[in-house]
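The values are calculated or read from the model by the stated rules, or taken from the named source; none is laboratory data. None of these values were measured; they are calculated from a predicted model. Please note: Cβ atoms are built from the backbone with ideal geometry, for glycine as well, and neighbour counts cover all protein chains shown. Protein only, heavy atoms only, side chains kept; ligands, DNA and RNA dropped before computing areas. Shrake-Rupley method; radii C 1.70, N 1.55, O 1.52, S 1.80 Å.
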Amino acid sequence: MRKAAPILILVVLVAFAALALFGLPRDNDFDHSPLGSKGLEVWLESKGIAVLRSDPHVTQARSEISMRILPLPLAAGEAAVSGGDDQSDGAGPRSWIRQSGRYALPTLIILPKWRSSLLKDGVVQQSDLMPLDEVQDELDGILPVKLRLSRNEPGFAEAHAKLTADQSVKIAFYQAQTFDLASLPGSCEELLGTQTGALIVQCESNHNVYLLSDPDLLNNHGLTLAENAAVAAPLMARLRGAGETRPVFLDTAGEVLDRMKPKEEGRTYERSTSDLKRFFAYPLSLIWGTLFVVVAICFWRGARRFGPPLKDGSGNIEQSKSAAIEATARLLRLSGNDGRMVAQFVQNLLADRAQLVFGAGSANPAGIERLFQRLARRDQAKAEALKTAAQALIEHGHAMGRSDLHRNLEIFRTLLGSIEFGSR
């Protein structure tokens, strides 16, 4: 059991390290989930369209991008609530609309459809859909026009959508979410849609803003359905304008843009706890995990080599040798029997020398005899004299007078100090 305990501790520590490396969520897990937008980035770049992603530590400049894509909802705490103050320059729908007009920046806002609970459930359920009223509230906070949303019946459905007058593609959705054609104002234009509803609309009051009703057209899951992926590249080319080569800005944080690229000199940054979290984010988490495993191995090695203190039958830790000797010597002195105390001292001293030379397990009469044999091969006279003095004290010390006891003990100590025992 003593040997199994360090191994058990090691297994527990390694399990914790594995959990830290592979079990804890990473910052970009949502991006790679079915609801994320990593697939859109990879797909557009494969089609020759450069993509820039939002970074909370970098302010993006309008002059460096050709259009902006805003998939809702944004990361928690990154954007302001819908319907914020019109004069506010913070992130939020009003700010995005103002920036699209101020910078003449084409902006595609993708409305939400799914709750994050879908990532935990793993299977599409009706409860994972956001209530249509909540999505409608998001829409009303973005544009003041009276657009109404609708959803198809549960289940997957395919439809044909026209990219151009002479080109159409087959697209597919689960319970498609579209703009109701009957509620489409005359000031708004349908850019992409199905037979039952509009998917992308543009309104004259904010002609640089485009609204996508169903995120499944461009998210990771949706791009794998039917010919949804065939829509992405032509759609970006149409919205950002012909001949445009600047990157598309995939904004998952609703950042505030600058007109021109800001100067790096003299910039100040607000520090927060998120900066500290970066030291533990992937791939730095691999380094921390490796250090954790190394510490666990060192701990296991130390525990296995030295082990825990031994306990006797009563559960008390065994007394050390020095404490036992001191207690015995005190009892002998109280009883007036100095000879027995000296005999035990000599016996213990020779046993310690035998253990020093031959290792653990040699502190016994056989080890002491072996020690004298070793000394005799090097200097027989001294070995015999030491053995004689030791035997006299051990066997007859209790019967010696005080003066004889001190004289023999001094001879023993002198001989013992003059011999080099060495070690194995």
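Take the alpha carbon gyration tensor of the stretch 143-210, find the square roots of its eigenvalues, order them as a ≥ b ≥ c, and report rounded if a/c is under 1.5; if not, report prolate when a/b exceeds b/c, else oblate.
oblate
Packing, taken as the mean count of other beta carbons within 10 Å per residue, orders the peptides 188-201, 362-375 from highest to lowest as 188-201, 362-375.
So for the stretch 101-163, what percent of the C-alpha to C-alpha distances run longer than 16 Å? Intermediate results must be reported in sequence, preceding the final value.
On the way: 1230 of 1953 pairs.
Counting pairs separated by more than 16 Å, the tail of P(r) holds 63 percent.
Mean separation of Cα pairs under 8 Å and 6 or more residues apart, divided by the residue count, gives the stretch 173-226 a relative contact order of 30 percent. Sorting the segments 401-412, 37-48 by their mean number of nearby beta carbons within 10 angstrom, highest to lowest, gives 37-48, 401-412. Of the residues L163, L393, ranked by 1.4 Å probe accessible area with the largest first, the sequence reads L163, L393.
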